[in-house]
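Working notes, structure below.
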Amino acid sequence: MTGAVLSVRNLTVDLPLSGDRSHAVSGLSFEIHPNEIVCVVGESGSGKSVTAFTAMGLLPKALKVSAGEMLFEGKDLLKMSRSDHAKLRGQRISMVFQEPMTALNPCFTVGDQIQEIFRTHTKLSGAQCKARTLALMEEVRLPDPQRVYSSYPHQLSGGQRQRIVIAMALAMDPKLLIADEPTTALDVTTQAQILAMFKTLKTTHNAGILFVTHDFDVVAEIADRVVVMQKGIVVEQGTATEVLNDPQHPYTRQLIAAVPRKKQGEAAPLQEEIALRVKGLSKTYHVARTLTRKARTVQALHPADFSVRKGETLGIVGESGSGKTTLVRCLIRLLDPDDGEIWIGNRNFAKGSRSSLRTARQDIQIVFQDPYGSLNPRRSIGEQLIGGPMNFGVSRSVAWDRAKRLMKIVRLEEDALYRYPAEFSGGQRQRICIARALMVEPKVLIADEAVSALDVSVQKEVLQLLADIKREMGLTILFITHDLRVASQICDNLIVMSRGQIVERGTVEQVFGDPQDAYTRQLLSAMPGNGWEVPALEAQPTT
Amino acid sequence: MTSLNLALPQPGTVRRKGFIGRALANPVFLFGAVLLGLIVAMAALAPLLAPYNPLAQNMLTRTVSPFWMSDGNWAHPLGTDGLGRDYLSRIIYGARISLLIGVFTVICSGIIGTVMGVLAGYFGGKIDLVINFLIMTRLTLPVVMVALAVVALFGGSLIVVVLVLGLLLWDRFAVVMRSAVMQIRNQEYIQAAQSMGYSTPKLLFKELLPNIFDRLAVIATFEMAHAILLEASLSFLGLGVQPPTPSWGLMVAEGRQYLLFDSWLILIPGAAICVLVLAINMIGDGLRDALAPENRN
């Protein structure tokens, strides 16, 4: 077919012999046309990033292309000399990376970094370079381009940095733009703006965009065509409407079914008994003065009041900097709050020194976000599990029995107790963390972004597990997340936080259906995939 | 959702080598360990191995050359020194001194440095300020000068040398432990342990120490080599182990006057020091590689 910006035919990339499969991608074929966004979707390890890196000629040395061709405007990128390929890069093909902080050099102003591209690829004078740079910054809608021009990366927000990276990618008006998870590290409102920008850019620059993502809602938001990958193989491709609304392959169906959505049906009635009551909890950080700056105080958490009933799941939703992490740290007293009360049963958890709290810690437990950092790599799972109850006076054999029982509840084998964390996948580790938190039989469990780092199908499993445990054990859960979709799936009630304050509270229905606060409305409208009704797939027989 | 993989990796598919297994697979470590093993065996079995009493003087057989030289003979394989003492016996007994100094100095300085580093790194704040000040103060002191001064005041004996070196060589332990602990204390598993009611000492010993042990082991080997070298320098300057005790550093010092015509008197103990330090450093390098988490499995 003519007119394609990039056409990939039968691409196969080999993994080194020690890999878990022989090909990173195999038999990959797809095309990108001008003025088109092609989304490559898949979970971690599906080979989607390898595809993007192959097109840029940035494959790690251990990976070798063994077959296929990759035609860019009729020329095969794979047969090109390195220097020819380098000439295309940045000029005709450019790339936007996931992490905007590490994609920019911290030692130069962002203006210099954009100009550098003009200096490399054109013979413009200094003044012309600067004018072009400022025009680009206007185009990616950076506020106050003059000021941003002379800022260093650390002085900009994540969204602004990503705009700079996109501006750099657009500098030479490329025909092909490759974006590797460009919005994954961003807050949802920033993500919405960046996605909207991608949609305008494809028409204004008439470029083809290869957009790598794991999030089906993002796909629904921007994709023209979709390529679904699993373990290096394309399992399905087609137009966005076809794939999203009528997926054929079981894996695609499974992924789409795992997209978090507001749960349907009546919520179970809640008990009257209150498990956790928080009154006027507040926290201020004091930043000491330095030579050049005056001392500041930052009100991280304005006095917050809420209560959670026994068996309830309360969602606390907010973007980065909203104070939700400070709230959590204060609740489990990893931080000392300035003021306020935390009542669990008839004990005020906010009072007393941290060492006097040790016995009370049994009542409130936490599951952290990072499944790789929250288990001690040098101790066996069993040792880590029984440590908690043994601190509270349970004998070793009783604790060990409890650990075995909990392994069953989180659907792992007993054998896992004798292993070390390095042997488990992210989802398995997160289940171990849940088991560890439940070992001391807490009254309240805090899940701090507990599923944010997981693939969507694993995320769904862990959410299901939490819901089951809650039902069976009558546990009270505080579910902290930045993702409204996930919150709406598991929570009974929601609290929305912004800048250290609770701005909205109510049942999921109320918050979604009739948001009162402007910030909540903004969050809701920023959710990707708003127009897309997920087809009810689980009812259909899978082929 | 039955198709999702809930199964664990089967035992046998993931085979973990223990840390000793991983270390032994490392040729550098293996070579260093064999070398050190030989030296330790030599020191331990000194009375059995040494052909003569290392202190026995014999004026009739002074500065006999080692066997490979034209005027050497096998009665004294490494020759004799200026007082007619058998050089091989002195080298064998000298290994005891070097190893004793290395091991005890590291135990002493390791405990001081690790305690200081862990306290500073974990608690931070004022404790960190004080300990940082101590580290800075220690770093401004030239080790050899201070050691010389102290030994000159209190006299040179094995115990004084060990104590002086032990009290001087803790700086690297403290600096490295402090930064290692600062990295680890903010990990979520430490916070999880806090919220599970671990007391501070238990948390430090059970959760923290296992994760910094690799770094501890590596510094210990390097400091051991350092201590052995320092003892040799002190003895060379006449302020370390006192004659007639056979110490390699002292042997170098005593051989100084024969440098021009009987240079093997210096070269042999010098080579012994060199081999021991090399062996210990190789073990340190090997340990560092074997203990790195990315080299597991």
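Coordinate-derived values only; no laboratory data. Treat the numbers as computed from the prediction; the structure is a model and nothing was measured. In this analysis, Cβ positions are derived from the backbone assuming ideal geometry, glycine residues included, and neighbour counts consider all displayed protein chains.
List of remarks:
- In terms of Cα atoms, the Rg and Dmax of the stretch A:100-171 work out to 10.9, 32 Å.
- Shape box of the protein assembly as shown [Cα atoms, principal axes, largest first, Å]: 106, 73, 60
- Helix-only CD estimate at 222 nm, as mean residue ellipticity for chain A, using -39500 (n - 2.57) per DSSP H run (n ≥ 4): -10000 deg cm²/dmol
- Summed side-chain charge close to B:Pro246 - residues other than B:Pro246 whose Cβ falls under 12 Å, Lys, Arg +1, Asp, Glu -1: 0
- Of all beta bridges that DSSP places with both ends in the protein assembly as shown, some 55 percent have antiparallel geometry.
- Computed E for A:Thr189/B:Leu30 - FRET, C-beta separation, R0 56 angstrom, nearest 0.05: 0.45
- Taking 7 Å steps out from each Cα toward its Cβ at A:Val287 and A:Glu441 produces label points 4.7 nm apart.
- Computing FRET efficiency as 1/(1 + (r/R0)^6) for A:Asn35 and A:Tyr372, where r is the C-beta to C-beta distance and R0 is 56 Å, gives about 0.90.
- Counting only lysines at least 8 places from A:Lys324 when in the same chain, those with an alpha carbon closer than 19 Å to its own are A:Lys279, A:Lys283.
- 14 Å beta-carbon shell around B:Ile268, net charge (K/R +1, D/E -1): -1
- Sites B:Ile111 and A:Leu59 - FRET efficiency at Förster radius 56 Å, r taken between beta-carbons, to 0.05: 0.65
- Mean-position separation - Cα centroids, the stretch B:240-274 and the stretch B:87-149, in angstrom: 26 Å
- Look at the dipole of the stretch B:186-276 built from charges on Cβ: of B:Ile219, B:Trp264, B:Leu239, the Cα furthest out on the positive end belongs to B:Ile219.
- Cα coordinate range in chain B, projected on the principal axes (Å, largest first): 91, 50, 29
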